[in-house]
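Below is one structure, written out as structure tokens; comments come after it.
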Amino acid sequence: MKEKYIEGTREGKRAFVVFLIVIAAFVLLVYFLGSNSEAKDLGDLKAVLINHLPVLLANTVFYIVLGWLIVKYSLNYLKHGFWPPPGLPVPFRTRVSYLKHPAIVKLFVLMVLLLFLLNIAINWYAWLSVYKQSQDI
């Protein structure tokens, strides 16, 4: 059986570069917002927690958007039965892979979404518990 390939398009390369720029901007934003926060005593703890809040919000938004993209593209994969689905611009020459086990794709997506949800919940729980403890001091 001869393998099928989809050639990369200019639109796909542009989308890939934009995706890399957005990821780099997110990483730099989190690094610069979270790196200069240091508590020297208990009075600084509240300021550090408030300074960490934008990092926590950015982290939450990132995981929500990433989860939405995973669900969107996996549903497209399940609907058409092969990857990449029609109309999806690819940046490089890509071999078409056909869907053999849809249950595995669904299970994988469910596991990834649960891990994202667990990560978000743990981060918020840790921040809220430390914030409540700082209020009691």
Would you pick out the residues in the stretch 72-91 that are out of contact with any strand residue (DSSP E or B) (no Cβ under 8 Å at 6 or more places or on another chain) and loosely packed, with under 14 Cβ neighbours inside 10 Å?
LYS72, LYS79, PRO86, GLY87
Could you look through the stretch 102-137, keep only residues that are aromatic (Phe, Trp, Tyr) and free of Cβ contacts under 8 Å to residues at least 40 places away in the same chain, and pick out the one that is nearest to LEU20 (Cα to Cα)?
PHE108
Counting only residues in the stretch 10-26 that are more than 13 Å from the chain's Cα centre (by Cα) and exposed (fewer than 14 other Cβ atoms within 10 Å of the Cβ), the one farthest from PHE92 (Cα to Cα) is identified as ALA25
Would you please list the contacts, defined by Cβ atoms under 6 Å and residues six or more apart or on different chains, that run from a residue in the stretch 73-101 that is under 15 Å from GLU3 (Cα atoms) to a residue that is part of a helix (DSSP H, G or I) and among the aromatic types (Phe, Trp, Tyr)?
TRP83/TYR77
Considering the stretch 92-137, residues that are in a helix (DSSP H, G or I), of a type in the set (Ser, Thr, Tyr) and at pLDDT below 95, and then whichever is surrounded by the most Cβ atoms within 10 Å (Cβ to Cβ), we arrive at SER134
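The values are calculated or read from the model by the stated rules, or taken from the named source; none is laboratory data. Everything numeric in this text was worked out from a predicted model, so none of it was measured. Backbone-built Cβ (ideal geometry, glycine too); neighbour counts: all protein chains shown.
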